[in-house]
Amino acid sequence: MKEVILIKNGELALKGLNRRTFEDMLIKNMKHRLAPVGKFKFTVAQSTIVAEAVNEDADLDRAVEIISKVFGIAAFSRAIAVSKDFQTILKNAEEYLADDLMGASTFKVEAKRSDKKFPLKSPEICREAGGYLLNKFPHLTVDVHNPDIVVNIEIRDEYAYIHGKQIKGAGGMPTGSAGRAALLISGGIDSPVAGYMMAKRGIELIAVHFASPPYTSERAEQKVHSLLRQVAKYSGRIALWVVPFTEIQEKIKDYCPEDIFTVVMRRMMMRVAQDICARERAAALITGESVGQVASQTMPAIACTDAICEIPVFRPLIGMDKDEVIEISRKIETFDISILPYEDCCTVFTPKHPKTRPTIQYVEEAEACYDFAPLLEQAAKDARFILIENK
Amino acid sequence: MQAYFDNSATTKPCPEAVEAVAYAMSENWGNPSSLHFIGNKANELLEESRRAVADVLSCTSGEIFFTSGGTESNNLAITGAAYRNKRFGKRIVTTSVEHPSSDEILTKLEGEGFEVIRLKVNSEGKVNEQDLFEAVTQDTILVTMMLVNNEVGSIMPVQSIKRAVARAKSPALIHCDAVQAFGKMPVKPTQLGVDLLTISSHKIHGPKGVGALYIRKGVKINPRAFGGEQEMKIRPGTEAMPAIAGFGAAAKALPDVKKELADATEKRDYMVAELEKIGGVEFNSPKDALPFVTNISVMGIKSEPLLNYLSARGVCVSSGSACSKGKKSRVLTEMGLSHERMESPIRISFSRYTTKEEIDYLIDCIKNAKNDIRAIK
């Protein structure tokens, strides 16, 4: 008897001829993410991936916790693989699922038989196993419509697999299958959620953070590390670039009209981020903007920001309410970190009365007062690299 | 010669813990909430300590909340869960042999209108699983049970609680007082199926005055103290950094628990065999008790004179638990021991530092005590 994890890869099954590529990518991701727990062996059979620890003392609880956050998995379950002898199957089902069965009042057995040479047919397996378990756990009753627990018995080529409840996976597509993009992250509630959502669609994340000491503190940057560490539990490790932004912000303050500070600043950020993207071969930017949330996120303001972007800007939160964003941030456990009260680069020099309908012409005139290009180039060059591991 | 056999009361701090306490008082003494570099450095030490403790429990560091020790953790868990959950019911299920830091707060809650069901233990100091299943009802809001009994070392069926709660479809939170088990046997909250779990530093060779409460991710309880934002407002107040750093260091210094458990079992079995040779010694701990705790009665000699006699010879043991000295043991009473055995219980508790030489010396002293103390009488 050995314990394994059975993984169902939802959307991937629809991928036709590319399916194998996606599966390989998923397996590679899982291998990497499970490395702290131990070495795992993966086998693919009939749209199910079986993950099995190579060393016996591997902590499967931790493995399951990790797997539940890997994108590209629709559902999974912990199972035991046993030899295809019916008595062995019954005995193991009784022992392995004792915890669940003791905690339930009602149950049913479901059987799948892909090995048609197995002497019992699926309904027979259900009937026999049901009777056996009723006998062993007299407190139980059978309920085929709404059972507390379903005992699954799958007879496959090499082994019979026994498992209880199926757990919902993180969904989405395997990280990396959609290419690489850069997340602009400040430390608020939105950007980590935006990163999570794009990673879910298979994008490999890098991150760009703008630090403006002394206006922002070391704590603010640590907060970003903590946020990304949390996102990395889903997306895999993230390369973070911390851009020294103080001088640029000071020059904006010195040379540009106050009502347009934020939009100019965002355009500067986009330019630096694009430089980093070009260098790091990332094909898009990701931001946590949502229409109308603040003055720099009105449609005209977003138009001004987009005007200097040469690569796509993904804004997965664009149509979401704050409540909806918060709900996701609580789910991925970034909320409590996000609300720590440190100044971030976006709240430095916030104008009292920002322009909500800036025109591109107005913004470009404001920027023309100072030659920002050399500063921007330097900032991208001086960006500090930090690798955020998914631990 | 000195021989310390009272490790269930407290343990000798390990060098790593001593060093960490000194470091947090001499070099890294900042307030973790301060935003300057000295504060940042203290905050790093705080989080590093939290991770070290979390690693031992195989949980995430966000699930560890530092407190002043086992008593506070038990109080916080029990009141926090009871008040949080009171809209679902008033029924709390526990055992009749809990540590006073659980039992007394439960008595207080009883006074406030909560109904507390105390499950009896059998002659082995354990509750019966069937009783547990019957006691947990749909309006039960909290089940609290110790993992290892502090007086006799019996291991309780904590793992069955979640089965009972699931079967009853009860909203109950599950709390486990794991003070005596932590660091001595594998303790994994997820495997035990508990929502809240109490641990203490000074039972694992760390400093006194610090412990922790594990609160499973997503579980909410009410705080008991109010003030700052520390420990996510569950336990406000400037963090006791020297103690916390010492706790973290002691957690990090814990050796492989499974191996220690095997070692302790071997030492315990050796001691039991030697004690049996003396004759007139009854074993109050069950055979499958945690090997770090052995409760015996040396028949005919009352606990206190034996304790004094051993102490005069450099041997430290305890009569029952250190927390209720002098009183008749509730646990042994519950186990239904004979009057004679109840007169003379002695608790011998090991640590990873306990040696065979110490055990031999203890055996010699008990042998002599049997002659000498009778002679006095």
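Computed from the coordinates by the stated procedures, all read-outs in this text should not be read as laboratory data. Note that the structure is a prediction, hence the values are computed from the model and not measured. Glycine also receives a Cβ, built like all others from the backbone with ideal geometry; neighbour counts cover every protein chain displayed.
So which DSSP H runs in chain A come out at 24 Å plus along the axis (Cα) with average Kyte-Doolittle of at least -1.0? Span-like helices in chain A: A:218-235, A:261-280. Kirkwood radius for chain A, taken over all pairs of different Cα atoms as the inverse mean of 1/r, rounds to 23.6 Å. Here r is the Cβ-Cβ distance between B:Lys12 and A:Asp61 and R0 is 30 Å; the resulting FRET efficiency, rounded to 0.05, is 0.40. Charge dipole (Cα centre; +1 on Lys/Arg Cβ, -1 on Asp/Glu Cβ; no other charges) of the protein assembly as shown amounts to roughly 1400 debye. Of all lysines in the structure, the ones whose alpha carbon falls short of 21 Å from that of A:Lys8, not counting any fewer than 8 places away in one chain, are A:Lys28, A:Lys31, A:Lys39, A:Lys41, A:Lys69, A:Lys112, A:Lys165, A:Lys168, A:Lys200, A:Lys233.
Cα-Cα pairs above 22 Å in segment B:1-117: how many percent? Looking at segment B:1-117, the distances longer than 22 Å represent 56 percent of pairs.
The length gained on full extension between A:Lys28 and A:Val150, counted as 0.36 nm times the residue separation minus their Cα-Cα distance, comes to 40.8 nm. A cut-off under 11 angstrom between Cβ atoms defines the neighbours of A:Phe314, and their net charge, with Lys, Arg +1 and Asp, Glu -1, is +1. Based on DSSP H segments of at least four residues, each scored -39500 (n - 2.57), chain A has a per-residue ellipticity at 222 nm of -12000 deg cm²/dmol. Between the alpha-carbon centres of segment B:166-222 and segment A:292-370 there is a gap of 43 Å. Computed from Cα atoms, the angle from the helix B:257-278 axis to the main principal axis of chain B rounds to 20 degrees. Seen against the Cα atoms of chain B and their longest principal axis, helix B:303-312 is set at about 90 degrees.
Note on segment A:52-158: dipole from Cβ charges, positive end direction compared against A:Ala129, A:Ala53, A:Phe71; the farthest Cα belongs to A:Ala129. With R₀ set to 22 Å, the beta-carbon distance separating B:Phe37 from A:Leu387 gives a calculated FRET efficiency near 0.45. Once you order the gyration tensor axes a ≥ b ≥ c over the Cα atoms, which shape class does chain B get: rounded for a/c under 1.5, otherwise prolate or oblate by comparing a/b with b/c? Note, shape of chain B comes out oblate.
Calculated mean residue ellipticity, 222 nm, chain B: -13000 deg cm²/dmol, from DSSP H runs (n ≥ 4) at -39500 (n - 2.57) each, averaged per residue and rounded to 500. Which one of B:Leu196, A:Ile27, B:Val93 is farthest out on the positive end of the charge dipole of the protein assembly as shown, using unit charges on Cβ (Lys, Arg +1; Asp, Glu -1) and the Cα centre as origin? The residue sitting most towards the positive pole is B:Val93.
Across the options B:Gln130, B:Cys316, B:Leu45, the greatest Cα extent toward the positive end of the charge dipole of chain B (unit charges at beta carbon of Lys, Arg, Asp, Glu) belongs to B:Gln130.
In terms of its alpha-carbon gyration tensor, segment B:53-113 comes out prolate; a/c meets the 1.5 threshold, and the first ratio a/b outweighs b/c.
Only Lys, Arg, Asp and Glu carry charge here, each on its Cβ (+1 for the first two, -1 for the last two); on that basis segment A:96-169 has a dipole of about 220 debye about its Cα centre.
The residues neighbouring B:Ala251, those whose beta-carbon lies less than 10 Å from its own, together hold a net charge of +1 under the Lys/Arg +1, Asp/Glu -1 convention. Placing a label point 7 Å from the Cα of B:Glu343 along the Cα-to-Cβ line, the residues of segment B:268-285 whose backbone N sits under 19 Å from it are B:279-284. Modelled spin labels at B:Asp360 and A:Thr21, positioned 7 Å past Cα toward Cβ, are 7.3 nm from each other. Antiparallel beta bridges, as assigned by DSSP with both residues in chain B, represent about 50 percent of the total such bridges. Here the calculated FRET efficiency for A:Gln87 and A:Cys309, from their Cβ-Cβ distance with R0 = 60 Å, stands at 0.35, rounded to the nearest 0.05.
In segment A:84-206, what % of DSSP beta bridges are antiparallel (nearest 5)? Of those bridges, close to 25 percent are antiparallel.
For segment A:122-191 versus segment B:18-61, the inter-centroid distance based on Cα atoms is 40 Å.
Each label was represented as a point 7 Å from its Cα along the Cα-to-Cβ direction; for B:Ser123 and A:Asp321 these points are 6.5 nm apart. Counting only DSSP beta bridges with both residues in the protein assembly as shown, the antiparallel share comes to about 55 percent. Over all projection directions, the Cα-based convex hull of the protein assembly as shown averages an area of 38.2 nm².
For segment A:147-188, the residues whose backbone nitrogen is under 11 Å from a point 7 Å from the Cα of A:Glu52, taken along Cα to Cβ, are A:158-160.
Placing a label point 7 Å from the Cα of A:Phe349 along the Cα-to-Cβ direction, the residues of segment A:257-288 with a backbone N closer than 16 Å are A:257-272.
Each of A:Glu280 and B:Glu110 was given a label point 7 Å from its Cα along the Cα-to-Cβ line. The distance between the two points is 6.1 nm. Rounded to the nearest 20 debye, the dipole magnitude of chain A is 1200 debye, with +1 charges on Lys and Arg beta carbons, -1 on Asp and Glu beta carbons, and the Cα centre as origin. When the square roots of the Cα gyration tensor eigenvalues are ordered a ≥ b ≥ c, the ratio a/c for segment B:147-242 is 1.5 or more and a/b does not exceed b/c, which makes its shape oblate.
Tell me the angle of helix B:100-111 to the major Cα principal axis of chain B, expressed in degrees between 0 and 90 and rounded to the nearest ten. Compared with the principal axis, the helix lies near 60 degrees.
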